[in-house]
Amino acid sequence: MPRLAPPDAPSPASSTAGPPDASPPALALPPDAPSLADGVAQAVRDGVAAGQLRPGTTYSVYQLADLLGVSRSPVREGLLRLAEAGLVEIRRNRGFRVLPPQADDIEEIIGIRLALEPPAARHAAEHGTDEQHATIRAALTAMAAAAARGDDTAFWPADRTLHDLLLRAAGRPRTAAIVERLRTTTALLGHPTTASGRTLPEIHAEHEPVVTAVLARDGAAAETAMRTHLESTRNLLVANLPH
């Protein structure tokens with residue numbers, strides 16, 4: 001099991017926290033976390049997804065504790081959990097750094113999503129309420145508007161919302177939470193458009209058949225379209241990883 005630096009580790013002033021001219025990452029402790037350690041782990045995941053924590057940069061445990069307003073003990077515990085999941089590397093006497101996923105990681109992550117999301121799309125099509133379908137349609141419309149503007153800041157939250165709404169319309173909130181965590185890991189590859197080699201309109205276009213099938217209550221077509229989208233994502237992410 002990876003371990004953090006012992007109590008005689010360097011003082012906060014000597015710990016590494018990224019490039020000298022970099023401003024501190026903007027992180028926040030989730031108010032509804034079941035424990036401080038869980039909150040720390042989620043704050044780091046959120047920081048990765050938002051681009052506040054960059055792969056390869058070493059961050060100070062002391063700085064993270066100060067930013068989140070907690071002691072170092074829950075920070076260590078939260079980071080240990082992330083290290084066991086392969087999301088960070090704990091560097092003795094230095095801090096921690098975010099680890100970008102490798103090809104095997106992408107294959108595993110998308111493999112899990114392929115087992116979860118296509119059948120959920122079918123269920124959302126066949127059993128989702130009219131109100132749930134309306135919110136799914138609205139999320140796709142938001143993606144289309146953001147893609148037309150070239151607005152990455154608005155596009156990716158709408159993309160995540162769409163996938164989340166499809167899972168919740170299928171009555172699978174636990175699956176939605178799992179998928180959100182998996183997406184945080186793939187976000188470590190950097191800007192999603194660059195990482196997958198697709199434009200925003202192209203990514204939006206991949207979601208259109210899914211939503212069209214869901215709104216038509218065509219479960220088989222919704223499942224097939226979601227599978228096609230995820231397989232395309234997997235293939236492009238792996239192909240664009242540095243070799």
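Some observations on this one:
- Top-ranked residue in region 27-65 [being assigned to a helix (DSSP H, G or I) and among the polar types (S, T, N, Q); ranked as nearest to Pro100 (Cα to Cα)]: Gln42
- Of residues in region 21-74 being without any contact (Cβ under 8 Å) to a residue 40 or more places away in the chain and over 25 Å from Glu180 (Cα atoms), the one surrounded by the fewest Cβ atoms within 10 Å (Cβ to Cβ): Asp21
- Taking residues in region 220-235 that are closer than 22 Å to Ala169 by Cα, and partners anywhere that are basic (Lys, Arg) and open to solvent by less than 30 Å² (accessible area, probe 1.4 Å), the pairs with Cβ atoms closer than 9 Å and at least 6 places apart or on different chains are Leu230/Arg113.
- Boolean, Leu79 is open to solvent by 60 Å² or more (accessible area, probe 1.4 Å), within 22 Å of the chain's Cα centre (by Cα) and modelled with pLDDT of 90 or more: no
- Taken together, Ala148, Ala169, Ala239, Ala187 contain a single residue that is over 18 Å from the mean Cα position of the chain (by Cα) and open to solvent by less than 30 Å² (accessible area, probe 1.4 Å), which is Ala169.
- Apart from one condition, Val98 fits all of (1) open to solvent by 20 Å² or more (accessible area, probe 1.4 Å); (2) closer than 23 Å to Glu180 by Cα; the exception is (1).
- From the list Glu126, Glu107, Glu131, Glu117, the one residue that fits, being of a type in the set (Asp, Glu), surrounded by 18 or more Cβ atoms within 10 Å (Cβ to Cβ) and in a helix (DSSP H, G or I), is Glu117.
- Candidates Phe155, Phe96: the one that is closer than 29 Å to Glu223 by Cα and aromatic (Phe, Trp, Tyr) is Phe155.
The values are calculated or read from the model by the stated rules, or taken from the named source; none is laboratory data. Predicted model only: the values in this text are computed from it and were never measured. Here the Cβ is made from the backbone with ideal geometry for all residues, glycine too, and neighbour counts use every protein chain on show. Just the protein is used for accessible areas: all its heavy atoms, side chains included, with ligands, DNA and RNA removed. Shrake-Rupley method; radii C 1.70, N 1.55, O 1.52, S 1.80 Å.
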